[in-house]
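A quick write-up on the structure given underneath.
The values are calculated or read from the model by the stated rules, or taken from the named source; none is laboratory data. Since this is a predicted model, take the numbers as computed values, not measurements. Because the Cβ atoms are built from the backbone with ideal geometry, glycine has one as well, and the counts that use them run over all protein chains shown. Each accessible area value is taken on the protein alone, full model and side chains, heavy atoms only, with ligands, DNA and RNA left out. Shrake-Rupley method; radii C 1.70, N 1.55, O 1.52, S 1.80 Å.
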Amino acid sequence: MLIGRQAIVVGAGIGGLAAALSLAQRGASVTVLEQAPALAEAGAGIQISPNGTAVLEALGLGAALGGIGQPLAALRMRDFARGRDILRMNVATAKYRHPWLLAHRADLLAALESAARAAGVRIETGAVVAGLVGGGRTGVSLEDGREFRAGVVIAADGARSRLRPLIDPAPDPAFRRQVAWRALLPAAPGAAPEVQLIVGPGRHLVRYPLRGGRLVNFVAVLERPDWAAETWQQQDDPAHLQAAFARFPEEITAELARLETAHLWGLFRRPAARRWVQGRVALLGDAAHATLPFLAQGAVMALEDAWVLGESLAGSDGVEAGLALYEARRRARCRRIVAAADRNALAYHLALPGLRQAAHAGLRLGERLRPG
Ligand code: FAD
């Protein structure tokens, strides 16, 4: 059904490139419009859980997974005081059917870009989409005045999507009274591929190695009442991060002390879209369901969206029916995941010692009762 059909994808992030590949593999002729002047991604670490690598394998990237990231061995949740383990999940022996990867975002994007280009996807950089145009064929207008028309438009233009308000007018994003730092530290290769989540009153820190341990990735979240701009590109003095996490385990504070740069951003919450589709235009990835980064599922949901989008369009009679099916198959699951990430924000930051101990005991019990 998609053979020869033209598709426009707005945004060459993880969601946009995966969607472009998914559509091209089903016969669509795809153009990706990306506002950045070049596809260079500054980002840092990203966990790709098995539901995400399942999509990458289905998209034909199974052989490339080794170049994208390193398999995760264990997940440890630790208490900030004395650093003792609250729980430990041995991922290596958990027998997932697909790997769980610790990846550098740039490596995932590079693999998706090269697979998309090999499948015939055209990628236009420096193409800032300004709005939608209607008429016989749906399309988009660019800030430079150009217009692109196609049979279907996928808006994968991220959390601050310009196209989403045209489909699902949403309230302004709300500041969550939390800020986050992210930082990368060069390290000696060979570190155990484990994720550490260390929780404390009003704060938590996630640490894991990247690129075989040559880098250590940190994301550190702190409750803070004030913030100005919603951006995650702001440089901050690492001394602020070091001071906020000074009571964390010694080996962590020693690593933080070596940081020369850190990025700081304010965490904003926007409700998931109530409506994902209008005519032959659909939202995908963060544009539809941006999430707080407390469950490591934002990019993975975008990958799932991309696969289901391709399947739904290829298996339906007409674009409108295919997009309606895509929304119906994705909306409830994404809402659940976004809500679960919100709950983690509360659970990680409990301040009262008695409450924290009870919550940790509950987590340990839940892990023991988990079916193997
Ligand atoms: P984006 O990555 O935001 O891509 C949108 C693209 O659209 C960009 O390239 C942008 O330049 C382009 N664009 C925007 N506007 C326009 C326009 N007008 N015209 C043309 N192009 C436009 N997720 C996980 O699954 N696992 C993790 O471990 C994880 N860790 C994270 C850690 C941090 C610190 C953060 C901030 C997020 C993390 N996430 C994680 C979430 C994940 O990064 C996002 O959910 C994911 O990047 C969303 O992909 P996307 O393609 O929908 O949007």
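Just one of the listed residues (Ile68, Ile46) is buried (at least 20 other Cβ atoms within 10 Å of the Cβ), farther than 21 Å from Ile8 by Cβ, out of contact with any Asp or Glu (no Cβ under 8 Å at 6 or more places or on another chain) and β-branched (Val, Ile, Thr), and it is Ile46.
The single residue among Ala94, Ala36, Ala20 that is more than 16 Å from the ligand (Cβ to nearest atom) and either part of a strand (DSSP E or B) or among the hydrophobic types (A, V, I, L, M, F, W, C) (or both) turns out to be Ala94. For segment 257-291, residues that are under 24 Å from Leu185 (Cβ atoms) and touching a residue at least 40 places away in the same chain (Cβ under 8 Å) total 9. For first residues located in segment 146-171 and closer than 18 Å to Thr125 by Cα, partners that are within 7 Å of the ligand (Cβ to nearest atom) and polar (S, T, N, Q) and lie 6+ apart or on another chain with Cβ distances below 7 Å form the pairs Ala155/Ser161. The one condition from (1) within 14 Å of the ligand (Cβ to nearest atom); (2) aliphatic (A, V, I, L, M); (3) open to solvent by 30 Å² or more (accessible area, probe 1.4 Å) that Leu197 does not meet is (3). Each residue in segment 1-29 was checked for being within 13 Å of Glu113 (Cβ to Cβ) and not small (Gly, Ala, Ser), and 4 pass.
For (1) at pLDDT below 95; (2) under 30 Å from Arg211 (Cα atoms); (3) of a type outside the set (A, V, I, L, M), each residue gets a yes or a no:
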| residue | (1), (2), (3) |
| --- | --- |
| Met77 | yes, yes, no |
| Tyr96 | yes, yes, yes |
| Leu109 | no, yes, no |
| Glu113 | no, yes, yes |
| Ala119 | no, yes, no |
| Ala130 | no, no, no |
| Ile154 | no, no, no |
| Pro171 | yes, no, yes |
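Contact map, segment 297-311: first residue near the ligand (Cβ under 6 Å from one of its atoms), second residue of a type in the set (Gly, Ala, Ser), Cβ cut-off under 6 Å, separation 6 or more or different chains; pairs are Val300/Ser49; Val300/Gly52; Ala302/Gly15; Ala302/Gly285. Residue count for segment 95-128 satisfying the condition of being over 20 Å from the mean Cα position of the chain (by Cα), touching a residue at least 12 places away in the same chain (Cβ under 8 Å) and open to solvent by 30 Å² or more (accessible area, probe 1.4 Å): 9.
Of all positions in segment 56-65, none carries a residue that is modelled with pLDDT under 95 and either of a type in the set (D, E, K, R) or part of a loop (DSSP other than H, G, I, E, B) (or both). Filtering segment 35-51 for residues that are closer than 27 Å to Val319 by Cα, in contact (Cβ under 8 Å) with a residue 60 or more places away in the chain and not polar (S, T, N, Q) leaves an empty set. Counting only helices (runs of 4 or more DSSP H) that sit wholly inside segment 225-301, those with at least 2 residues that are open to solvent by 40 Å² or more (accessible area, probe 1.4 Å) are 238-244, 250-257. Among the residues of segment 149-159, the one identified as under 15 Å from Gly131 (Cβ atoms), open to solvent by 10 Å² or more (accessible area, probe 1.4 Å) and within 11 Å of the ligand (Cβ to nearest atom) is Asp157.
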